[in-house]
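Presented below is the structure to which this report refers.
The values are calculated or read from the model by the stated rules, or taken from the named source; none is laboratory data. Note that the structure is predicted; figures quoted are calculated from it, not measured. Backbone-built Cβ (ideal geometry, glycine too); neighbour counts: all protein chains shown.
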Amino acid sequence: MTETRFTPRVFSGIKPSGGLTLGNYLGAIKRFVAMQGGGFETIYCVVDLHAITVWQDPAGLRDATREVAAGYLAAGIDPARSILFNQSQVSQHAELGWIFNCVARVGWMNRMTQFKDKAGSNAEKVSLGLYAYPSLMAADILLYHATHVPVGEDQKQHVELTRDIAAKFNHDFGVEFFPLTTPVIEGPATRVMNLRDGTKKMSKSGESDMERINMTDDADTISKKLKKARTDPAPLPETLDELEGRPEARNLVGIYAALADMTPEAVIAEHAGAGWGTFKPLLADLAVEKLAPISTEMARLMADPGEIDRILGQGAEKARSIAEPILRQTYDIVGLLRS
């Protein structure tokens with residue numbers, strides 16, 4: 001299928017559960033900001049419908065939704081250049097999600113590794129939403145005919161499923177209606193790891209707050225966490241290949257590279273032979289320089305929830321203006337009667 005007739009459009013979103021971390025910033029939000037004005041229409045979402053696949057306290061969910069929006073705004077998402085909204089204010093997401101539930105195959109869902117990881121041995125007890133949410137994610141993307149989705153490595157499988165759903169829909173109905181979306185996975189820190197265990201992803205739900213940098217952390221906390229991050233005894237090597245088998249060291253080099261807009265190879269070249277007593281304070285200073293202004297601005301924004309709600313509401317209106325015609329055409333293609 002040729003993709004030339006589709007407007008170059010980016011869609012991506014973050015789930016409001018547990019607070020934003022450095023992983024969200026480097027793996028997603030920083031790239032969202034960079035893609036503004038880069039030849040794409042940019043649409044960014046707080047995916048609150050995905051959050052309720054597991055139990056959420058209602059008041060807490062509203063606060064978390066505003067916090068993710070504040071993180072977007074503080075990091076540089078401009079509502080004048082991008083559409084920013086929360087998913088539940090655009091009902092077309094859920095409507096197209098149902099259509100895609102009827103397109104996607106159970107076998108496809110059974111192969112989703114993230115569901116297996118989250119459900120574990122309790123797969124019979126989790127919500128149907130947790131099982132089926134990849135088809136809602138496909139709807140999030142294809143509702144806007146998005147051509148590109150910036151994601152981390154752990155979400156690549158879901159974008160591949162989105163392509164499968166689009167291809168099957170197009171084939172079943174003999175149309176070229178949905179684009180085959182391209183995942184955009186780039187940058188030195190698309191997967192930021194735990195500061196205490198470099199083999200685990202940095203998570204909002206980790207047992208210790210010292211495992212992660214929160215986007216709400218102040219300068220002193222950011223500095224303390226990075227200076228206390230786990231490392232090994234060996235200094236930084238001469239080449240990146242020599243970091244093989246040193247996950248904590250590799251993680252800190254990747255974080256430095258992403259914050260400094262360098263490649264990991266350039267970081268190694270600049271700091272080869274440095275001990276952690278030298279490198280970690282440099283990393284802490286860099287992180288404070290880049291992140292502390294964001295956390296300060298987030299606090300200012302969170303103090304005025306009405307302004308965040310206004311921005312999200314205006315964004316939802318813009319999103320609906322794109323989503324409604326695409327959903328209406330989808331209904332016509334499927335054969336759903338509308339009086």
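Which one of Glu207, Glu289 is of a type in the set (D, E, K, R), assigned to a loop (DSSP other than H, G, I, E, B) and under 24 Å from the mean Cα position of the chain (by Cα)?
On the way: Glu289 fails: assigned to a loop (DSSP other than H, G, I, E, B).
Of Glu207, Glu289, the one residue that is of a type in the set (D, E, K, R), assigned to a loop (DSSP other than H, G, I, E, B) and under 24 Å from the mean Cα position of the chain (by Cα) is Glu207.
Say whether the condition of being at pLDDT 95 or above and either outside any helix (DSSP H, G or I) or aliphatic (A, V, I, L, M) (or both) is met by at least one residue in the range 118-136.
Within the range 118-136 (the criterion being at pLDDT 95 or above and either outside any helix (DSSP H, G or I) or aliphatic (A, V, I, L, M) (or both)), the answer is yes, since at least one residue qualifies.
If we scan the range 162-179, do we find a residue that is surrounded by fewer than 21 Cβ atoms within 10 Å (Cβ to Cβ), among the aliphatic types (A, V, I, L, M), within 21 Å of the chain's Cα centre (by Cα) and in the same structural domain as Gly38 (by TED's automatic domain parsing)?
Just the residues of the range 162-179 that are surrounded by fewer than 21 Cβ atoms within 10 Å (Cβ to Cβ), to begin with: 163-164, 167-168, 170-177.
Among the residues that remain, those that are also among the aliphatic types (A, V, I, L, M) are: 167, 175.
Add one more test, that the residue is within 21 Å of the chain's Cα centre (by Cα), and what stays is none.
For the range 162-179, residues surrounded by fewer than 21 Cβ atoms within 10 Å (Cβ to Cβ), among the aliphatic types (A, V, I, L, M), within 21 Å of the chain's Cα centre (by Cα) and in the same structural domain as Gly38 (by TED's automatic domain parsing): absent.
Name, by its number, the condition in (1) assigned by TED's automatic domain parsing to the domain that holds Gln89; (2) surrounded by 13 or more Cβ atoms within 10 Å (Cβ to Cβ) that does not hold for Pro281.
(1)
Consider Asp154 against the criteria (1) assigned by TED's automatic domain parsing to the domain that holds Arg320; (2) without any contact (Cβ under 8 Å) to a residue 60 or more places away in the chain; (3) farther than 28 Å from Ala316 by Cβ; (4) acidic (Asp, Glu): it satisfies all of them except one. Which criterion is unmet?
(3)
What residue, of Ser127, Ser121, Ser82, is in the same structural domain as Tyr25 (by TED's automatic domain parsing), over 21 Å from Gly19 (Cα atoms), surrounded by 14 or more Cβ atoms within 10 Å (Cβ to Cβ) and of a type in the set (Gly, Ala, Ser)? Even if it seems obvious, please write down each step before you answer.
Values: Ser127 fails: surrounded by 14 or more Cβ atoms within 10 Å (Cβ to Cβ); Ser121 fails: surrounded by 14 or more Cβ atoms within 10 Å (Cβ to Cβ).
After applying the criteria, what remains is Ser82.
If you scan the range 103-117, which residues turn out to be surrounded by 11 or more Cβ atoms within 10 Å (Cβ to Cβ) and either assigned to a loop (DSSP other than H, G, I, E, B) or at pLDDT 90 or above (or both)?
Here is the first cut: in the range 103-117, the ones surrounded by 11 or more Cβ atoms within 10 Å (Cβ to Cβ) are 103-105, 108-109, 111-112, 114-116.
The answer is Val103, Ala104, Arg105, Trp108, Met109, Arg111, Met112.
Just give me the residues in the range 298-311 being of a type in the set (D, E, K, R) and outside any helix (DSSP H, G or I), in sequence order.
Start the filter on the range 298-311 by keeping residues that are of a type in the set (D, E, K, R), which leaves 300, 304, 307, 309-310.
Result: Asp304, single match.
Show the residue pairs meeting these rules: Cβ distance below 9 Å; 6+ apart or different chains; first residue within the range 162-186 and under 13 Å from Leu142 (Cβ atoms) and at pLDDT 95 or above; second residue surrounded by fewer than 18 Cβ atoms within 10 Å (Cβ to Cβ) and among the small types (Gly, Ala, Ser).
So the pair list comes out as Phe178/Ala167; Leu180/Ala167.
Yes/no per residue for (1) assigned to a helix (DSSP H, G or I); (2) touching a Lys or Arg at 6+ places or on another chain (Cβ under 9 Å); (3) over 21 Å from Thr21 (Cα atoms):
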{"position": "Gly273", "(1), (2), (3)": "no, no, yes"}
{"position": "Thr278", "(1), (2), (3)": "yes, no, yes"}
{"position": "Thr296", "(1), (2), (3)": "yes, no, no"}
{"position": "Gly313", "(1), (2), (3)": "yes, no, yes"}
{"position": "Ile326", "(1), (2), (3)": "yes, no, yes"}
{"position": "Thr330", "(1), (2), (3)": "yes, no, yes"}
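Which members of the range 164-187 meet the condition of being closer than 19 Å to Ser12 by Cβ and either small (Gly, Ala, Ser) or assigned to a loop (DSSP other than H, G, I, E, B) (or both)?
Selection gives Ala166, Phe178, Pro179, Leu180, Thr181, Ile185, Glu186, Gly187.
Quick check on Ala258: is it part of a helix (DSSP H, G or I), outside the structural domain of Lys168 (by TED's automatic domain parsing) and modelled with pLDDT under 95? Talk me through it step by step, then tell me what you get.
On the way: part of a helix (DSSP H, G or I): yes; outside the structural domain of Lys168 (by TED's automatic domain parsing): yes; modelled with pLDDT under 95: yes.
Here the answer is yes, as Ala258 does meet what is asked.
Residues that are acidic (Asp, Glu) and modelled with pLDDT of 95 or more: list the strands (runs of 3 or more DSSP E) wholly contained in the range 1-98 that include at least 2 such residues.
On the way: elements: 9-14, 41-46, 82-86.
Counting at least 2 such residues, we get no strands (runs of 3 or more DSSP E) at all.
I'm trying to understand the selection: among the residues of the range 210-241, which are of a type outside the set (Gly, Ala, Ser), over 28 Å from Lys156 (Cβ atoms) and more than 24 Å from the chain's Cα centre (by Cα)?
Residues satisfying the conditions are Asp220, Lys224, Lys227, Lys228, Thr231, Asp232, Pro233, Pro235, Leu236, Pro237, Glu238.
Just wondering, is there one or more residues in the range 232-248 that are buried (at least 19 other Cβ atoms within 10 Å of the Cβ) and part of a loop (DSSP other than H, G, I, E, B)?
Yes, some residue in the range 232-248 is buried (at least 19 other Cβ atoms within 10 Å of the Cβ) and part of a loop (DSSP other than H, G, I, E, B).
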